[in-house]
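Following: one structure in structure tokens, then a few remarks.
The values are calculated or read from the model by the stated rules, or taken from the named source; none is laboratory data. Since this is a predicted model, take the numbers as computed values, not measurements. Note: ideal-geometry Cβ built from the backbone for every residue, glycine included; neighbour counts use all protein chains shown.
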């Protein structure tokens with residue numbers, strides 16, 4: 001029995017050392033785990049919403065920002081007579097970034113409801129706790145036509161040239177905007193070479209025209 005007890009204590013000691021070693025070797029302050037850091041949730045947003053080219057006034061726009069703590073930070077604004085809407089830059093304080101192996105990300109959603117349908121002004125996942133310039137540039141001015149179909153698109157990632165950022169929206173941009181998928185109801189089409197005139201059914205592989 002004593003031998004088993006000694007073996008168990010040695011095993012527990014090894015487990016504790018395995019946990020403590022990466023902490024000590026990287027000079028992590030245990031108390032630092034509980035200190036709060038500023039976490040970036042969303043950039044300042046400016047946009048205009050139109051329907052068949054005409055500005056839409058008095059339309060409710062909702063922004064939902066969710067960090068990995070799963071607390072949903074929701075803001076709502078109403079478009080003015082020019083169809084314009086605005087959200088301020090948003091940050092929070094959290095101790096999560098101080099924890100080991102924390103995978104920091106924020107789910108960003110901006111939506112409107114039109115004729116009973118939820119339309120995406122902006123769907124994207126923001127990685128990290130710092131503001132990303134490419135996201136901020138896209139959100140600085142958004143041209144959102146309600147008649148547009150939702151598109152998943154790629155845009156530049158200056159931190160990794162081999163992995164573009166991705167987002168989904170009914171809005172359109174003239175620069176740094178490469179559509180990869182377009183949605184029509186429950187149908188999904190691949191946008192070949194970023195050209196809306198070259199569409200392929202994602203599942204059948206047949207060429208289509210919308």
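Tabulated data
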read-out	value
Considering residues of the range 44-72 that are more than 18 Å from residue 170 (Cα to Cα) and at pLDDT 95 or above only, the residue surrounded by the most Cβ atoms within 10 Å (Cβ to Cβ)	65
All strands (runs of 3 or more DSSP E) inside the range 109-210 with 1 or more residues being under 30 Å from residue 91 (Cβ atoms), within 22 Å of the chain's Cα centre (by Cα) and in contact (Cβ under 8 Å) with a residue 12 or more places away in the chain	117-127, 142-145, 151-155, 165-169, 178-184
Checklist (1) in contact with a strand residue (DSSP E or B) (Cβ under 8 Å, 6 or more places away or on another chain); (2) under 27 Å from residue 184 (Cα atoms); (3) modelled with pLDDT under 95 applied to residue 120, failing item	(3)
